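Below: the structure, in structure tokens.
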Amino acid sequence: MEELGILAAFVYSIAFIRYIYVTIKAKNKPNRSSWLIWGVLGFVLLGSYYATGARETVPLLIVNQVGMVVVFLFSLKHGQGGTNKFDLACLLGAGVSLLAWWISNNPRYALLLAITTDFIGALPTIKKSIEEKEWEDRLTWVLFFIGNGVNLLAGGFDNFSIYIYPLYMTMLCLLISILLVRKR
């Protein structure tokens, strides 16, 4: 299954390269709040996920972490959002979840709180995918969906702590993909 983890990381690499490219070309405007939350959370998630025993699915998380930080940095110049009430509420909610994780000091609990925090971070991008879908790249999100689906298969289904995050990410990217490809 290690090969599937590497394949998932490769698909994610392509997705991030495309996302950054269309962002630089002003065809995409990443939401700063989402990418800030995901960038910070990624460090926490990578550590807690590894601590729960995940190995086959870690390559995607490493690529994901690098990609999220790079996208956030590009979003500072080419992105949107981050200062409206909704985005600020999401940032606050993510901060509270991270604080709860830190207090818990339990890898499994941290993983569930990380998923909660990740979803809070996704809310501005989900909202944008509904209201301003022209500023999110469809192909990138479909590639994220495929990469996460492959990563889900890489980890197997015999350990909840290992498959829950790839399952969540697959479903989240599927949701965003559907929102972006649907007709208004």
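Odds and ends about this structure:
- Members of segment 29-40 found to be open to solvent by 40 Å² or more (accessible area, probe 1.4 Å) and either among the charged types (D, E, K, R) or in contact with a strand residue (DSSP E or B) (Cβ under 9 Å, 6 or more places away or on another chain) (or both), listed by number: 29, 32
- Unmet requirement for residue 130, which otherwise passes all of (1) within 24 Å of residue 11 (Cα to Cα); (2) touching a helix residue (DSSP H, G or I) at 6+ places or on another chain (Cβ under 8 Å); (3) open to solvent by 40 Å² or more (accessible area, probe 1.4 Å): (1)
- Options 89, 15, 26, 8; residue that is without any contact (Cβ under 8 Å) to a residue 12 or more places away in the chain and either aliphatic (A, V, I, L, M) or crowded, with 22+ Cβ neighbours inside 10 Å (or both): 89
- On inspection, residue 99 does not qualify as at pLDDT 85 or above and either surrounded by fewer than 21 Cβ atoms within 10 Å (Cβ to Cβ) or over 25 Å from residue 129 (Cα atoms) (or both).
- Filter result (among the β-branched types (Val, Ile, Thr) and open to solvent by 20 Å² or more (accessible area, probe 1.4 Å)) within segment 133-157: 142, 146, 150
- Between 83, 117, the distinction of being under 14 Å from residue 36 (Cα atoms) and surrounded by 22 or more Cβ atoms within 10 Å (Cβ to Cβ) belongs to 117 only.
- Any hit, segment 102-109, residues being modelled with pLDDT of 90 or more and surrounded by fewer than 19 Cβ atoms within 10 Å (Cβ to Cβ): no
- Of all the criteria given as (1) at pLDDT below 85; (2) over 15 Å from residue 115 (Cα atoms); (3) surrounded by fewer than 17 Cβ atoms within 10 Å (Cβ to Cβ), the one not satisfied by residue 43 is (2).
- Per-region count, segment 136-184, residues assigned to a loop (DSSP other than H, G, I, E, B) and in contact (Cβ under 8 Å) with a residue 60 or more places away in the chain: 4
The values are calculated or read from the model by the stated rules, or taken from the named source; none is laboratory data. If you're wondering where the values come from, they're calculated on a predicted model, not measured in any experiment. No Cβ is skipped: glycine too gets one built from the backbone with ideal geometry, and neighbour counts run over all protein chains shown. Heavy atoms of the whole protein, side chains included, go into the accessibility calculation; ligands, DNA and RNA do not. Shrake-Rupley method; radii C 1.70, N 1.55, O 1.52, S 1.80 Å.
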